[in-house]
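The values are calculated or read from the model by the stated rules, or taken from the named source; none is laboratory data. It should be emphasised that the depicted structure is a prediction, and the values quoted were computed from it without experimental measurement. No Cβ is skipped: glycine too gets one built from the backbone with ideal geometry, and neighbour counts run over all protein chains shown. With ligands, DNA and RNA removed, areas are computed over all heavy atoms of the protein, side chains included. Shrake-Rupley method; radii C 1.70, N 1.55, O 1.52, S 1.80 Å.
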Amino acid sequence: MTKVNFMTLSEAKIGSVVRINSIEESVLTPRLMTMGLIPGTRVEVLRSAPLGDPIAIRLRAYNLAIRKDDAARIEVSPVD
Amino acid sequence: MASLSVALTGNPNTGKSTIFNELTGARQKIGNWPGVTVDKKVGIVEYKGRKISVVDLPGTYSINARSQEEQVVSDYLSESKPDIVVNVVDASNMAHNLFLTVQLLEQNIPLIINLNMMDEAERHGVKIDEQALEKAFGMPVTNTIGRSNASVRTLLDVFTNTRMSNYKPSKILQEHIEKIHAIRTSDRTPEKMEEDIITARYDFIDKVMAEAVTINAADKSFVDKLDNYLSDGVSALVIMLAMFYLMFQIAFNWIGQPLADMLGEFFEENVASWATEAMISAGVADWMQSLVSDGIIAGVGAVLSFVPLIFTLFFCLSFLDGTGYMARVAFVMDPIMRRAGLSGKGIMPLIMGFGCGVPAIMGARTLDTHKDRMISILVTPFLTCNAKVPIIALFAVMFFPDNAANIVFAMYFVGLAVAILMAKVLGSTTFKGQESTFLLELPPYRIPDIKTVLLETWEKGKGYLVKAGTIIFAMSVAIWFLSSFNSDGMTDEMNESYLASIGSATSVIFAPQGYDTWEAGAAIVTGVLAKEAVVSTLGILYGADDISTEVDDAEETSATLLATSMGAAFTPLSALAFIVFTQLYSPCVTALGTIKKETHSWKWMAFAFFYTCAVAWIASLLVYQGGKILGFE
Ligand SMILES: Nc1nc2c(ncn2[C@@H]2O[C@H](COP(=O)(O)OP(=O)(O)OP(=O)(O)O)[C@@H](O)[C@H]2O)c(=O)[nH]1
Ligand SMILES: [Mg+2]
């Protein structure tokens, strides 16, 4: 897999499945990681809320709501 | 050793409180969203001659003491050293739940790993090899279905038969712990260290899962697809409004209010006249008769007649709470809440505020930042708690008989809108610049457990009844005295009573709002002690003189009975202004006390009192003067 198409979790299309590459360092990082958002994790983007934000994602067999601002700190690549 | 101490830990929403209630017969609040329990709670159960004390702890994802709940858990575990720590795990959500398990085990806390929600795990095609799991951790593994008493009680045998000291971490667990230790003692930056530890934990969990758990991904059920409508697209917004509107229709038009009317009628026509007759034939002194019928029966009765309404409302809220829909409301509302400087999570304590402000203020603990917590605490009092419901219901039925449910709905909306507006104001002034975030686990939809719903409805309704029998009773007596006496002794002229003096002193400030009668002033003063007292005070002040003679026909409801003299004191517009004021002004003393406790500050408590009164006064003014400009009366 070529690593050209980097994107952030906030840019991933609804319904797509992505894998986490890295998480930008911030005060929130430990909390995101505790919730299972660690590099290598498969994440499915379920939907965005009616007003566009936040988004709902599925990972480790549970659903999590996360704001786009925070999702933008998570770099992902598509899984096919 | 006669007594045994057991602590229940686990992620939020895994069923700890459900298990706790089944074990101890307690009535901890249960709800299908993360973060219901915010403080520890002890219960006792006797089993086979042993006293077992069980502690329900707040749900946490980790124990790094980053939040207040995590603090409560880690303090409890390190200070109280319970004999047995049970880790309640959602069996259908293990890949995430085991994170806390591993962290606890790293701290050398032996655990009973209890797989709860076995029914759901099965439905989702999750198969767990419990022996493999025991082997992987070296710790005993049990399973339960939290909603089944028989299933939960099997834990009691486990508690009494298990010696935790017999269990040692497995070899792979020990290796994992050594690895963590190596990371901690290495020379990485603190951030990197933390990240590597978290990654190592999940690596370990994946290894364990591979050995002990198989998942035959079941088809997405109907319930999983619900979110396509309930939290996606325009339908989500429409359904949300419709859902709450439906709730008010049920409570105020279809079931609650009609029952309340019947009860009110019963009080007026049967209880009051029966009591009067009984007292006359017993030759009770006049003043005593007046105390009982004009004071106690009028005051307590006014509050009691709303009991069916309160019960219906609690039933609906409790039902909704059990479905998991609240978390979706938080999800949908987050952008709005954020614009107000809060997060979507803040909607949950706020929704609790529709029941009672006190747990709602405490519920603010689950929020992520200091800013979110403070704002949530300070805006909760604007919401329509159950004690304010009788006020709106009374006025709505009396002055807007054709639109009663709409008025009620509108008042809830006003409360919420003012709360959001003030959150915005506070967020951009007092608490400016502090971050807020939103990270919320969305629980699966569940069919509410009917037992829980009924018990909770009863429990909360009982609270309302007890309040009517104690505080409201005492206040009715006090109000009767104040309204029947002045410095010259007893008087028949209420207008010259002590209460009239207090009321008129207060009422002058409400001249611009159109309800500057001393009765309204008095009701507002007593309402600070308990919001129900607004209605009981009005019941005493307006109910007493007219009811006895004027109305003979049984057709008239209690509301219209009251309306005879109250109807003259308010116009529909000033009535509306009055409800708006009582909706928004000062939290009751209990809520004020809770604010003091939660903010650890008298200053914030005083602030809460004064600023809510100011906001209420202004809002009420806008309604009245605005309405007048628009030509209403
Ligand atoms: N299907 C199913 N539902 C359960 C079971 N145990 C609990 N529940 C439901 O799960 C939800 C959460 O239960 P709680 O007891 O409030 O969970 P908790 O762990 O105390 O949650 P927090 O206080 O937020 O940490 C409620 O809707 C319960 O009715 C179970 O074994 N099976
Ligand atoms: Mg709980």
Meets criteria (within 12 Å of another protein chain (Cβ to nearest Cβ) and open to solvent by less than 10 Å² (accessible area, probe 1.4 Å)) for A:Ile20: yes
Filter pass, B:Gly43 being buried (at least 17 other Cβ atoms within 10 Å of the Cβ), away from ligand 1 (no atom under 11 Å from the Cβ) and at pLDDT 95 or above: yes
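Among the residues of segment B:161-176, count how many are exposed (fewer than 14 other Cβ atoms within 10 Å of the Cβ), modelled with pLDDT of 95 or more and of a type in the set (S, T, N, Q). Even if it seems obvious, please write down each step before you answer.
As a first pass, look at segment B:161-176 and keep what is exposed (fewer than 14 other Cβ atoms within 10 Å of the Cβ): B:161, B:163, B:165-166, B:168, B:171, B:174-175.
After this cut, where a residue has to be modelled with pLDDT of 95 or more as well, the list is B:171, B:174-175.
With of a type in the set (S, T, N, Q) added as a condition, the list becomes B:174.
The qualifying residues number 1.
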Condition check for B:Leu440: within 14 Å of chain A (Cβ to nearest Cβ), in contact with a Phe, Trp or Tyr (Cβ under 8 Å, 6 or more places away or on another chain) and of a type in the set (A, V, I, L, M, F, W, C): yes
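Looking at A:Leu32, A:Leu37, A:Leu64 in this structure, which one is part of a strand (DSSP E or B), touching a residue at least 24 places away in the same chain (Cβ under 8 Å) and closer than 23 Å to B:Thr101 by Cα?
Values: A:Leu32 fails: part of a strand (DSSP E or B); A:Leu37 fails: part of a strand (DSSP E or B).
The conditions single out A:Leu64.
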Lone unmet requirement of (1) in contact with a Lys or Arg (Cβ under 7 Å, 6 or more places away or on another chain); (2) at pLDDT below 90; (3) surrounded by 19 or more Cβ atoms within 10 Å (Cβ to Cβ) for B:Leu440: (2)
Restricting segment B:197-230 to residues that are modelled with pLDDT of 85 or more and not in a helix (DSSP H, G or I), the residue that is surrounded by the most Cβ atoms within 10 Å (Cβ to Cβ): B:Val213
Qualifying positions in segment B:22-36 - touching a residue at least 24 places away in the same chain (Cβ under 8 Å) and either over 19 Å from the mean Cα position of the chain (by Cα) or within 10 Å of ligand 2 (Cβ to nearest atom) (or both): B:Glu22, B:Leu23, B:Thr24, B:Gln28, B:Lys29, B:Ile30, B:Gly31, B:Pro34, B:Gly35, B:Val36
Where a residue in segment B:233-247 is more than 14 Å from chain A (Cβ to nearest Cβ) and its partner, wherever it lies, is part of a helix (DSSP H, G or I), with Cβ under 7 Å and at least six apart: B:Tyr245/B:Phe409; B:Met247/B:Cys316
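So, of the residues in segment B:50-67 that are away from ligand 1 (no atom under 13 Å from the Cβ) and in contact (Cβ under 8 Å) with a residue 40 or more places away in the chain, which turns out to be farthest from B:Gly322 (Cα to Cα)? Even if it seems obvious, please write down each step before you answer.
Going residue by residue through segment B:50-67, those that are away from ligand 1 (no atom under 13 Å from the Cβ) are B:50-53, B:62-66.
Pick out the ones that are also in contact (Cβ under 8 Å) with a residue 40 or more places away in the chain and you get B:50-53, B:62-63.
On the way: B:Arg50: 34, B:Lys51: 31, B:Ile52: 29, B:Ser53: 27, B:Ser62: 25, B:Ile63: 27 Å.
Only one residue tops the list, namely B:Arg50.
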Residue in segment B:122-138 that is within 14 Å of chain A (Cβ to nearest Cβ), open to solvent by less than 30 Å² (accessible area, probe 1.4 Å), closer than 20 Å to B:Ile197 by Cα and not hydroxyl-bearing (Ser, Thr, Tyr) present: no
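Filter segment B:575-633 for residues that are outside any helix (DSSP H, G or I) and open to solvent by 30 Å² or more (accessible area, probe 1.4 Å) and give the result. Before you say what the answer is, go through the steps one by one.
Our first condition is that a residue be outside any helix (DSSP H, G or I); within segment B:575-633, this holds for B:585-588, B:600-601, B:630-633.
Hits for segment B:575-633 are B:His600, B:Leu630, B:Gly631, B:Phe632, B:Glu633.
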Filtered residues of segment B:54-74 (kept if modelled with pLDDT of 95 or more and open to solvent by 30 Å² or more (accessible area, probe 1.4 Å)): B:Tyr61
Number of the condition not met by B:Asn13 [criteria: (1) within 13 Å of ligand 2 (Cβ to nearest atom); (2) over 23 Å from B:Ile347 (Cα atoms); (3) open to solvent by 10 Å² or more (accessible area, probe 1.4 Å)]: (2)
For B:Thr37: the one exception among (1) within 11 Å of ligand 1 (Cβ to nearest atom); (2) not in a loop (DSSP other than H, G, I, E, B): (2)
